[in-house]
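Chemist: After the structure tokens below, expect a handful of questions from me.
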Amino acid sequence: MENKKIVVGNMKMNLTASEIDNYIKEIDKYDYNEQVVFCPSYIYLPSFVGKGYRCGAQNIASYELGAYTGEVSARQVSSMKIDYTIIGHSERRNYFNETDEIIRTKITLALKENLKVILCIGETLEQRDALKTYEVLKRQLTSALKGLDKFQGIIIAYEPIWAIGTGKTPTNQDIEDTISFIKKIINDICGQELKVLYGGSVNDENITKLNTIKNVDGYLVGGACTSAERFNKIIEVVVNQ
Ligand code: PEP
């Protein structure tokens, strides 16, 4: 597993109960291994976990436990045999005002419960156009990671915000350069190597080309993972190439 790429499907707030039933029937035809992680809405997680699939929550609360109506804690997620949680997705940063500080708190709570963390970072188009991508990524990484006493179990997902759900992707060379930069910053902060995934409009048509990038450790897939058939095509390329 150490050197194997991973593919994470972030299903966001998509699919109804019957659509999830059909989705699981479809993926049951294939033999997925530990390289594939499904992140459906909380309510559907038991259906995936019960079938033995590796799963992640899309978010966790920034509080440990107690009177926080509507929230789900890291401990509750972990107690459901869920291995991963996404933290700091740009949709959470933008629509739910998650600050670097909140993200750091969530990472600490997740690691305490032995959840693996998929930490999303990425720049907006304005930041990219202003040549501030590296500055933004360094700030996001530093505020999330600096001073943590444990790094094992943290995976970074580089997701340029302008590429999410838009059908646009950076060039392979851009992604490779940015991932090299991210890996260097991680090493400066914690002296360790962490996996770095790429996310942003990955689909069954562009995965073969994206998967030639040398330093990428896997992919975070949004829209294209909500179709079991398309997601399976992506997985086959990554696992077999
Ligand atoms: C995401 O939201 O994490 C994502 C990568 O979405 P999409 O694949 O739809 O761009």
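Chemist: Six or more apart or on different chains, Cβ under 8 Å: which pairs go from a residue in the stretch 193-214 that's touching a residue at least 40 places away in the same chain (Cβ under 8 Å) to one that's basic (Lys, Arg) and within 15 Å of the ligand (Cβ to nearest atom)? Could you list them?
Modeler: Gly200/Lys168
Chemist: Any idea which residue in the stretch 112-122 is most open to solvent (accessible area, probe 1.4 Å), counting only those that are in contact with a Ser or Thr (Cβ under 7 Å, 6 or more places away or on another chain) and away from the ligand (no atom under 14 Å from the Cβ)?
Modeler: Asn114
Chemist: May I ask you to list the residues in the stretch 190-213 that are more than 18 Å from the chain's Cα centre (by Cα) and either at pLDDT below 95 or among the polar types (S, T, N, Q) (or both)?
Modeler: Matches in the stretch 190-213: Cys190, Gly191, Gln192, Asn206, Thr208, Thr212.
Chemist: From the set of residues in the stretch 57-77 that are closer than 14 Å to Thr108 by Cβ and of a type in the set (Gly, Ala, Ser), which is farthest from the ligand (Cβ to nearest atom)?
Modeler: Taking the candidates together, the pick is Ser73.
The values are calculated or read from the model by the stated rules, or taken from the named source; none is laboratory data. Remember, predicted model here, so these are calculated numbers, not experimental data. Because the Cβ atoms are built from the backbone with ideal geometry, glycine has one as well, and the counts that use them run over all protein chains shown. Note: areas computed on protein heavy atoms with side chains; ligands, DNA, RNA excluded. Shrake-Rupley method; radii C 1.70, N 1.55, O 1.52, S 1.80 Å.
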